[in-house]
Amino acid sequence: YRVFNNFWWSWEGKKWGLQVAGDIGFQEKYRSTGWNSWAGAVAMLRRAVGNRFHIVGRTEYYADPDQVMVATGRTFGLSTFGYSLGVDLLVATNAMVRLEGRTFHGSDRVFENIYGPTRDNTSITVSLAAKF
């Protein structure tokens with residue numbers, strides 16, 4: 001059996017917005033009476049700059065010590081902290097483009113780069129989101 005809960009709270013003002021979320025999951029161990037678990041949390045702060053632009057900052061944490069959702073092959077599973085800074089451009093009333101710089105730091109070498117396993121992962125992404 002698997003049990004998963006996602007809790008989400010959001011507030012949006014004229015200039016500022018805040019979103020906070022937490023995830024927690026439990027899964028019955030295979031051929032055992034125990035349970036494995038994983039959890040995550042995120043907080044995002046958004047500030048309007050004009051009518052079409054927003055600056056967005058985010059912090060997040062994810063832990064999967066039993067490797068239920070993310071199999072790392074490491075002794076302690078996955079435990080990572082991340083943060084990002086981005087800019088949103090509203091391209092239509094129901095669509096936006098986000099340019100974001102994002103960094104994760106793991107407690108173990110769970111990421112890969114050209115030199116091998118590392119604790120850190122940094123990326124710059126562009127995404128398009130639309131709601132219908």
- Some residue of region 62-74 being loosely packed, with under 15 Cβ neighbours inside 10 Å and either among the polar types (S, T, N, Q) or at pLDDT 95 or above (or both): no
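Determine which member of the set ASP120, ASP66 is touching a Ser or Thr at 6+ places or on another chain (Cβ under 7 Å), free of Cβ contacts under 8 Å to residues at least 24 places away in the same chain and either closer than 25 Å to ARG2 by Cα or not polar (S, T, N, Q) (or both).
ASP120
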- Query: Has region 122-131 got at least one residue that is surrounded by 15 or more Cβ atoms within 10 Å (Cβ to Cβ) and either under 23 Å from ASP23 (Cα atoms) or in contact with a strand residue (DSSP E or B) (Cβ under 7 Å, 6 or more places away or on another chain) (or both)?
  - Reply: no
- Message: As an exercise: evaluate ASP108 against (1) without any contact (Cβ under 8 Å) to a residue 24 or more places away in the chain; (2) touching a Ser or Thr at 6+ places or on another chain (Cβ under 9 Å); (3) closer than 28 Å to LYS29 by Cα and give the number of the one condition it does not meet.
- Response: (1)
- Can you name every residue in region 3-53 that is part of a strand (DSSP E or B) and among the aromatic types (Phe, Trp, Tyr)? PHE4, PHE7, TRP8, TRP9, TRP11, TRP16, PHE26, TRP35, TRP38, PHE53
- Check HIS105 against each of (1) under 27 Å from TRP38 (Cβ atoms); (2) open to solvent by 70 Å² or more (accessible area, probe 1.4 Å); (3) more than 15 Å from the chain's Cα centre (by Cα) and name the one condition it does not meet. (3)
- Of the numbered conditions (1) of a type outside the set (Phe, Trp, Tyr); (2) without any contact (Cβ under 8 Å) to a residue 40 or more places away in the chain; (3) assigned to a strand (DSSP E or B), VAL56 satisfies every one except a single condition; which is it? (2)
- closer than 23 Å to THR80 by Cβ and hydroxyl-bearing (Ser, Thr, Tyr), is that true of SER37? yes
- Note on the structure: Reported set for region 1-19 where residues are modelled with pLDDT under 95, open to solvent by 100 Å² or more (accessible area, probe 1.4 Å) and closer than 30 Å to THR33 by Cα is TYR1, ARG2, PHE4
- Task: Might you let me know whether region 8-31 holds any residue that is among the aromatic types (Phe, Trp, Tyr) and touching a Gly at 6+ places or on another chain (Cβ under 7 Å)?
- Result: yes
- Across region 75-89, the tally of residues that are surrounded by fewer than 17 Cβ atoms within 10 Å (Cβ to Cβ) and either closer than 12 Å to TRP38 by Cα or modelled with pLDDT under 95 (or both) stands at 2
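The values are calculated or read from the model by the stated rules, or taken from the named source; none is laboratory data. For clarity, every value in this text was computed on a predicted model and none was experimentally measured. Virtual Cβ from ideal backbone geometry, glycine too; neighbours counted across all protein chains shown. Keep in mind that these areas ignore ligands, DNA and RNA; they rest on the heavy atoms of the full protein, side chains included. Shrake-Rupley method; radii C 1.70, N 1.55, O 1.52, S 1.80 Å.
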